[in-house]
Amino acid sequence: MIWYKGIRTTAGATVHVVDSGRRSLLPPCNNIRNHSPTGFEWGYGGSGPAQLALALCVHALDGDARRAQSIYQDLKFRIVGRLESDRWALSKETIVQTIHDLEAENRSNHQGVSMTATTAAAPACPRCRDRSGHQVYVVHGELGRYVFDQRKARAMIQANPREAYPIPPEVVEKFLEVNNEWHEEHVDHVDSSDPGIIGQRFGGMALFDGTHRARRSLRDHTQFMAYFLTLEESNACLIDKEVAEMSVEIIAREIKGVLRNNQNAELLEVEIGADDYEQAGASEEAIRQHLTPEENGRVCILVIDNSQEAEHGEAEA
């Protein structure tokens, strides 16, 4: 029997193929889809796990790249994203059987067979069961906890119509790494053709609305679309925040994250609230000392008045 064995150490994550005692590295298949040039990962729904899922599918399907590409995102969420240990082992037989099961489920969905089952099961879905409460998007991070009003974001789009833009699958994956609290049973209950809403916050963009639609678009290999809020609109949707104790190092790490998530941008403006800036005892020079020369060349640091934003948000409400 052929086994796939993964191990994560401080040096990184590696996966071996073990066949009759012979051990070799699992080919990453970056030539087919280059989700993660830095290697494999598992335990969440990001680019490293996507690369591993693709590699497992290609190997288990004896090199059938076309078939592997049609199913690896499903395998990522069914198996790879749920591997929690630093060491794991999966048999080729398990991967092949899971692929067969996923393909059967997808055929059933496309033929409309699952629609009746989905409708009948809808009351058991925690998202369908309670849609009356306040709908919010919560961001947790080193900077604290921020809560955004999803309904207000939707109202802004309705009041000020704009064009929805296609979001590349690899970007959708990054959003789902952050928005990782979805209900798998609810994915079949949403229309992935309905655009999501992307807002702005310090630390980069965030998918304020549309997590389940984004998840379904990846699963069904359809194009996910989204509207974009301006920074001013995003701040107006902020309804609560618990700010962590600030430091120059934390601000610098957040800026590095913004730059990593926008690698194609030559110059980025990063706005920092004046109260956060003062709490950290920060200066632009002190922050830039924690950035590399290349990072310093790509970022423009702006300090904004939080009190004016709060007044504007209350006026909009």
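Please treat every number below as a calculation from the coordinates, not as lab data. Quantities reported herein were computed from a predicted structural model and do not represent experimental measurements. Note: ideal-geometry Cβ built from the backbone for every residue, glycine included; neighbour counts use all protein chains shown.
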So the FRET efficiency between A104 and E184, C-beta based with R0 = 22 Å and rounded to 0.05, is 0.85
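Between E163 and R260, what FRET efficiency comes out of the Förster formula 1/(1 + (r/R0)^6) with R0 = 30 Å and r the beta carbon distance, rounded to 0.05? Provide the component values of the computation, followed by the final result.
Numbers: r = 27 Å, r/R0 = 0.90.
The pair R260/E163 has a calculated efficiency of 0.65.
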Label model pair S91, D62: point-to-point distance (7 angstrom along the Cα→beta-carbon line) in nm is 1.9
Rg (one decimal) and Dmax (whole number) from the Cα set of the stretch 2-110, in Å, equal 13.0, 43
Expressed in nanometres to one decimal, the distance between label points 7 Å along Cα→Cβ at E177 and S193 is 3.2
Taking a crude spin-label model, label points 7 Å out from Cα along the C-beta direction, the T9 to S70 distance in nm is 4.0
